[in-house]
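The structure under discussion appears below in the form of structure tokens.
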Amino acid sequence: MPAPITYDVAIVGGGASGLAAAIAAARAGDSVIVIERDVELGLPILATGNGRCNLSNAHLDPARYRHPDIARTVMGEHPEDELAAFFDSIGLLTCEVDGRLYPYSKRADSVRDALLMAVAPHAELRTCTDIVGAGFDEADACWRLEISRPTKPLSPPKKPITEFKALVRALRKELRCAERTRETVCARRVIIACGGSSEHMAEMFGLPHIAEEPVLCPVACRPADFLRHDPRSIAFDHLDGLRVDCRLSLIRDGAPLWTEDGEVLFRSYGISGIVVFDLSRRCSAGDVVEIDLFPIYGEAELVRLFEARAAVFGDPAQMTAPWFCGLLDGRLGAYIATIAEPDGHTCGAYAHLAKHLALEVLGTSEHASAQVRRGGIPFSAVTLSDLTVRPDIAPALTICGEALDMDADCGGFNLAWAWLSGLRAGAGR
Ligand SMILES: Cc1cc2nc3c(=O)[nH]c(=O)nc-3n(C[C@H](O)[C@H](O)[C@H](O)COP(=O)(O)OP(=O)(O)OC[C@H]3O[C@@H](n4cnc5c(N)ncnc54)[C@H](O)[C@@H]3O)c2cc1C
């Protein structure tokens, strides 16, 4: 058996941060191998931004990140400029929509293609390959990674498949049944870029790990506690599927914690939508979420508006739900009229409910649709300047992307972290 080649850098995971790391390492003159367990590189990128890939934000405010100080330190003073230069350097033209950055094509595959074009000539790319063991060889000062891969390349499906997603599905199916073999890969440095499920990698490399939990997902809730025992609260289910532009506020122990405007999608179990995904990073069971259906009006102003309306359309106490006709979706009007019952159907009560529609948080929900996972390898284990693991924990090891304990709001902040932490990790020596 010939001795295995020793690469300067082995990158575990060929997603957003791994590919950025590979580009940076290759540009620094290192020999690079990318080890990806899936059938193709960069597949997670294709699912982002509903297939359009919201790849960054025009204002990468550290406050949008779980650890603002760490985000500021790692991402630098001018992360927007650095990312613009990075995208330019791989030939990726971007455009901005309401502060969110997208590829000009508005297609996530453009982002993946540009990354692959930039990395392919300068790195060895191994797909369908899993790491099954890792040990640092002190004598040779390099990592020995035991990898498992199919004995022979996956064969293309007999019937030609033109749709990429279908092709990936077919190849994944074949990979599951493929006969496998093991070999050793040696690298002077390893970069872990395995994404949000990093527990196994942490265990393999002897790293500390914070339990992961899905965030950026829907939130399960029910009408707030004054209605807890009221069977009429069932009317909440009737809102399922309704989309409303509103202002969401998170309230804990009576104190407001956070507010954001956006579109809420009501579900039978709770609420969803991008603004709710951001809420999911902050809320806990027992918190109250208030929905303001008329954020452009103050409450007193809304009472006056409702009184003027009552003068034209009639008394809300007489009409109840139909009184909201032309003002709110019928289901929402009916819901407000239902929960107004104990206080009566006055303009004041209606205006108050329309400004403070209160829901009690039960927890996050639909975890399979979560965009990121909170937790991972803690920052206490790495040096922030280059994301290298502290030498007393493990030698010649760097972490980037979602494998670290970092998450952020929707809006391109998570991918911005993946690119920038990947660039730092790849450039470090
Ligand atoms: C549906 C969806 C939509 C999203 N939309 C956006 C958006 O529009 N904007 C935004 O900023 N963020 C978005 N995100 C979040 C964003 O995708 C992640 O923050 C980002 O991909 C993290 O990059 P990463 O490189 O750390 O991990 P990933 O991109 O997940 O890459 C990790 C890679 O490592 C591979 N891997 C894992 N374990 C191993 C192993 N043991 N051996 C070898 N390979 C391994 C995986 O197969 C994967 O290819 C979205 C996420 C989802 C799920």
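The values are calculated or read from the model by the stated rules, or taken from the named source; none is laboratory data. The structure displayed is predicted, hence computed values, not measured ones. Don't worry about glycine lacking a Cβ; one is built from the backbone with ideal geometry, like all the others, and counts go over all protein chains shown.
Go through the residues of the range 396-403 one by one and say whether even a single one is away from the ligand (no atom under 16 Å from the Cβ), assigned to a strand (DSSP E or B) and in contact (Cβ under 8 Å) with a residue 24 or more places away in the chain.
To start, the set of residues in the range 396-403 that are away from the ligand (no atom under 16 Å from the Cβ) comprises 396.
With assigned to a strand (DSSP E or B) added as a condition, the list becomes none.
The answer is no, given that none of the residues of the range 396-403 is away from the ligand (no atom under 16 Å from the Cβ), assigned to a strand (DSSP E or B) and in contact (Cβ under 8 Å) with a residue 24 or more places away in the chain.
For the range 191-220, enumerate the residues that are within 11 Å of the ligand (Cβ to nearest atom) and assigned to a strand (DSSP E or B).
I191, I192, P214, V215
Just checking, how many residues over the range 172-223 are touching a helix residue (DSSP H, G or I) at 6+ places or on another chain (Cβ under 9 Å), surrounded by 20 or more Cβ atoms within 10 Å (Cβ to Cβ) and under 24 Å from C142 (Cβ atoms)?
Total meeting the criteria: 9.
Given the conditions (1) more than 13 Å from the ligand (Cβ to nearest atom); (2) under 30 Å from L171 (Cα atoms); (3) at pLDDT 95 or above, and given that R112 satisfies all but one, which numbered condition is not satisfied?
Failing condition for R112: (1).
Any residue that is among the charged types (D, E, K, R) and within 25 Å of D137 (Cα to Cα) - is there at least one of those in the range 333-343? Walk me through how you get there before you give the answer.
Quick first cut of the range 333-343, residues among the charged types (D, E, K, R) only: 341, 343.
Imposing the further condition that a residue be within 25 Å of D137 (Cα to Cα) reduces the set to none.
Scanning the range 333-343, I find no residue that is among the charged types (D, E, K, R) and within 25 Å of D137 (Cα to Cα), so the answer is no.
Does S105 fit the bill of being more than 30 Å from C186 (Cβ to Cβ) and crowded, with 22+ Cβ neighbours inside 10 Å? Give the derivation first.
Numbers: more than 30 Å from C186 (Cβ to Cβ): yes; crowded, with 22+ Cβ neighbours inside 10 Å: no.
When the stated conditions are applied, S105 does not pass them.
May I ask you to say which residue of S385, S365 is small (G, A, S), more than 18 Å from P208 (Cα to Cα), more than 11 Å from the ligand (Cβ to nearest atom) and touching a Pro at 6+ places or on another chain (Cβ under 6 Å)? Can you show your working first?
Values: S385 fails: touching a Pro at 6+ places or on another chain (Cβ under 6 Å).
So the residue among S385, S365 that is small (G, A, S), more than 18 Å from P208 (Cα to Cα), more than 11 Å from the ligand (Cβ to nearest atom) and touching a Pro at 6+ places or on another chain (Cβ under 6 Å) is S365.
Listed residues S280, S249, S272; which is at pLDDT 95 or above and touching a Cys at 6+ places or on another chain (Cβ under 6 Å)? Walk me through it before giving the result.
Values: S249 fails: touching a Cys at 6+ places or on another chain (Cβ under 6 Å); S272 fails: touching a Cys at 6+ places or on another chain (Cβ under 6 Å).
Exactly one of S280, S249, S272 is at pLDDT 95 or above and touching a Cys at 6+ places or on another chain (Cβ under 6 Å), namely S280.
So D343 ticks every box in (1) at pLDDT 95 or above; (2) farther than 24 Å from G241 by Cα; (3) acidic (D, E) but one. Which box is left unticked?
Only one criterion is unmet by D343, namely (1).
Looking at the range 263-278, which of its residues are in a strand (DSSP E or B) and either among the charged types (D, E, K, R) or touching a strand residue (DSSP E or B) at 6+ places or on another chain (Cβ under 7 Å) (or both)? Full working, then the answer.
Filtering the range 263-278 for residues in a strand (DSSP E or B) gives 263-267, 270-272.
Result: E263, V264, L265, R267, G270, I271, S272.
Conditions (1) away from the ligand (no atom under 16 Å from the Cβ); (2) over 20 Å from S89 (Cα atoms); (3) of a type outside the set (S, T, N, Q), marked per residue:
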position: S105; (1), (2), (3): no, no, no
position: L116; (1), (2), (3): no, no, yes
position: C128; (1), (2), (3): no, yes, yes
position: A134; (1), (2), (3): no, yes, yes
position: E138; (1), (2), (3): yes, yes, yes
position: K152; (1), (2), (3): yes, yes, yes
position: T162; (1), (2), (3): yes, yes, no
position: R169; (1), (2), (3): no, yes, yes
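Is it true that A3 is without any contact (Cβ under 8 Å) to a residue 60 or more places away in the chain, within 30 Å of L145 (Cα to Cα) and hydrophobic (A, V, I, L, M, F, W, C)? Write out each step before concluding.
Numbers: without any contact (Cβ under 8 Å) to a residue 60 or more places away in the chain: yes; within 30 Å of L145 (Cα to Cα): yes; hydrophobic (A, V, I, L, M, F, W, C): yes.
In short, yes.
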